[in-house]
Amino acid sequence: MTETPPSLAFTPLYDLHVELGARMVPFAGYSMPVQYKLGIMKEHQHTREAAGLFDVSHMGQAFLVGPDHATTAAALEALVPSNFKELKPGRQRYTVLLNEDGGILDDLMVTRPAGEENDGRLYIVVNAACKEQDFAHLRAKLPGNVVLEELPERALLALQGPKAAEVMALHAPQAAEMAFMASEEMEFDGIKVHVSRSGYTGEDGYEISCQAGTAEAIAKALLADERVEAIGLGARDSLRVEAGLCLYGHDITGKTTPVEGNITFCMQKRRREQGGFPGAALIQKQLVDGPKILRVGLKIEGRAPAREGAEIVLPGTDKVIGALTSGGFAPTMGAPIAMGYVPAAHAQDGTKLEVLVRGKALPATVTAMPFVPQRYYRKPA
Amino acid sequence: MSTYFTNDHEWIQVEGDTATVGITDYAQAQLGDVVFVELPETGKTLAKGDEAAVVESVKAASEVYAPLDGEIIEGNEVLVDEPAKVNEEPEAGAWFFKMKLANTAQLEELMSADDYKAFVDSL
């Protein structure tokens with residue numbers, strides 16, 4: 001029933017998705033599973049209660065390769081507002097590529113691989129929909145001694161949920177000891193993989209980068225565990241909204257800065273003070289004076305989901321002050337939630353606003369994010 | 001009592017000039033987990049093709065259209081509190097609304113169960 005236009009690309013797990021009964025949809029140029037037989041709601045709940053396996057092989061993986069760490073980190077720092085010079089080996093950090101106006105070109109994860117042999121290498125993972133532009137942007141902006149090496153032959157899997165660590169330990173014992181946002185090379189049932197303890201659901205879990213030809217064996221080994229279910233893009237989206245995490249192109253765009261997007265956690269002290277990234281003057285001014293608009297979380301009364309594009313108004317008026325950038329029904333909460341931009345004056349937690357859905361004004365309250373508590377792994381002291 | 005279908009995946013059960021309208025099993029499977037239903041107001045007069053109800057899944061919002069001209073005489077309030085019923089029993093307990101038909105001759109434009117099955121198989 002689902003016809004796939006021939007122009008779509010396939011991940012190494014396409015056959016497995018079909019075999020598992022996934023409903024495949026076009027997403028960022030790939031044929032991807034939006035849900036499996038369980039359905040979005042149960043897949044979402046399963047990830048919160050046990051463990052979910054996600055195929056995120058459509059995302060763009062690459063290395064930045066320079067003569068030494070200081071050179072490669074400096075080259076990247078010229079394009080992003082985060083501190084990579086002081087990022088320790090074996091650690092990962094979230095950042096954003098900026099345009100000259102301080103707007104966000106994409107959000108990405110950057111890892112400094114451990115080991116002498118990896119000195120001067122940074123491993124990056126960018127959004128599928130942005131990867132061509134990102135790679136072109138990096139190639140255009142990087143100095144001559146730092147090159148971009150794309151990794152199109154690599155797959156990427158995410159195992160997320162409170163049982164992820166127990167399951168992973170059966171195949172890659174080393175993974176159990178990793179701290180949140182740590183990254184290591186290891187073997188998974190004897191297969192060479194690159195594992196980071198991170199994800200995009202708000203749960204503990206891992207991202208496993210491997211050669212395309214080994215992805216199916218790894219996925220099948222994980223799915224053979226009764227604690228693990230395959231999870232599609234539908235639940236991936238509802239999980240990340242509950243976790244308060246941004247979807248590029250929606251919650252953050254080329255027209256919003258990291259300050260407006262409320263993701264200043266990606267800007268470490270030295271970078272905030274010294275600048276030296278695109279749009280620094282504007283962003284530093286926003287850090288001091290406060291932004292004019294801010295991304296906020298909203299809890300919406302009643303049951304009706306309010307979705308991207310719905311207008312936000314001041315209660316009892318027709319005055320539109322913003323719009324939702326993500327929104328829907330939150331399975332964990334059994335209620336609708338959303339994110340959107342409002343003027344800073346209306347961004348305080350507890351502020352009462354309204355969201356227009358099919359002409360009806362639904363009461364909404366500005367709410368601190370994440371909506372659902374994060375359960376990232378903290379190493380025992 | 002006869003049951004008819006539309007190519008918008010609605011079923012219509014007709015008794016005299018009263019029609020009970022819901023969405024088909026195929027439609028609920030396509031929508032996925034239903035989380036919200038908005039029903040038409042009783043007394044509202046609708047023409048065939050007018051937007052009558054809204055059904056929202058985790059993924060997206062969809063409209064349920066009036067399959068025939070008529071007046072809404074009842075909405076299934078159970079769905080407001082238990083929208084998941086649409087997934088569980090789409091062609092039975094999870095009817096959306098009942099309408100008093102203005103023109104029963106319009107029934108001839110609808111599909112029979114066999115026609116609908118052939119239509120779904122062709123999708």
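Overview of values
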quantity	calculated
Protein accessible surface hidden between B and A, which excludes ligands and nucleic acids, total in Å², probe 1.4 Å	1500
Most mobile of A:F265, A:F188, A:F277 in a GNM of chain A (Cα contacts under 10 Å)	A:F265
Amide H contacts of A:G232 (H built 1.01 Å from N, under 5 Å, at least 5 apart or other chain)	A:Y36
The range A:220-250: GluC sites (Glu not before Pro) in DSSP loop, at most 13 other beta carbons within 10 Å	A:E226
Selection from A:H46, A:T332, A:A219, by position along the positive dipole direction of chain A (Cβ)	A:T332
Chain B, relative contact order in percent, only Cα pairs under 8 angstrom and at least six apart counted	30
Cα radius of gyration and Dmax for the range B:41-99 (Å)	11.6, 31
All-pairs Cα distance distribution in the range A:210-318, expressed in whole percent, bin size 5 Å	2, 8, 14, 15, 13, 12, 11, 11, 8, 5, 2, 0
5 angstrom amide H check on B:A60, placed H, neighbours 5+ away	none
Solvent-free Debye scattering, log10 I(q)/I(0), computed from the Cα coordinates of the range A:313-353 at q = 0.33 Å⁻¹	-1.14
Cα-centre dipole for chain A with unit charges at Cβ (Lys and Arg positive, Asp and Glu negative), debye to 20	1160
Table column - 3J(HN,Hα) (Hz), the range A:309-323, Karplus curve with 6.51, -1.76, 1.60, x for Gly and Pro	x, 4, 7, 9, 10, 6, x, x, 10, 9, 6, 7, 10, x, 8
List A:S326, B:S62, ordered by accessible area with a 1.4 Å probe, largest first	B:S62, A:S326
Candidate residues A:K42, A:K220: accessible-area rank, largest first, probe 1.4 Å	A:K42, A:K220
Whole-angstrom gap from the range A:348-377 to the range A:200-215, using each part's C-alpha centre	30
D_trans [Stokes-Einstein, Kirkwood Rh over alpha-carbon pairs] for the range B:2-107, 20 °C, 1.002 mPa s, µm² s⁻¹	161
Residue among A:R91, A:R303, A:R271 with the largest mean-square fluctuation in a Gaussian network model of chain A, springs linking Cα atoms under 10 Å	A:R303
Shielding by other protein chains, B:24-37, mean Cβ within 10 Å	3
Net charge of Cβ neighbours under 13 Å - reference A:G120; Lys, Arg +1; Asp, Glu -1	-2
In sequence order, calculated HN-Hα J values of the range B:109-121 (Karplus, 6.51, -1.76, 1.60; Hz; x Gly/Pro)	7, 8, 8, 7, 4, 5, 4, 5, 4, 5, 4, 5, 4
Cα shape, the range A:30-87, gyration tensor, a/c 1.5 rule	prolate
Vicinal HN-Hα couplings computed from phi for the range A:25-33 (Karplus, 6.51 cos²θ - 1.76 cosθ + 1.60; Hz; Gly/Pro x)	9, x, 8, 6, x, 10, 8, 10, x
Stokes-Einstein D (µm²/s) once Rh is taken as the Kirkwood radius of the range A:292-367 over alpha-carbon pairs, at 25 °C in 0.890 mPa s	208
Exposure of A:V25 as accessible area (Å², to 10), given a probe of 1.4 Å and all protein chains	40
Calculated log₁₀ intensity ratio I(q)/I(0) where the Debye formula runs over C-alpha points of the protein assembly as shown, q = 0.06, 0.11, 0.12 Å⁻¹	-0.33, -0.99, -1.13
Share of carbon and sulfur in the accessible heavy-atom surface of the protein assembly as shown [1.4 Å probe, %]	51
Sequence of A:D68, A:D101 when ordered by accessible area, the most exposed leading, probe 1.4 angstrom	A:D101, A:D68
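The values are calculated or read from the model by the stated rules, or taken from the named source; none is laboratory data. Just so it is clear, the structure is predicted and the values come from calculations on it, not from any experiment. So basically every Cβ, Gly included, is an ideal-geometry build from the backbone, and we count neighbours across all protein chains shown. Accessible surface is based on the protein model in full, side chains and every heavy atom, while ligands, DNA and RNA are left aside. Shrake-Rupley method; radii C 1.70, N 1.55, O 1.52, S 1.80 Å.
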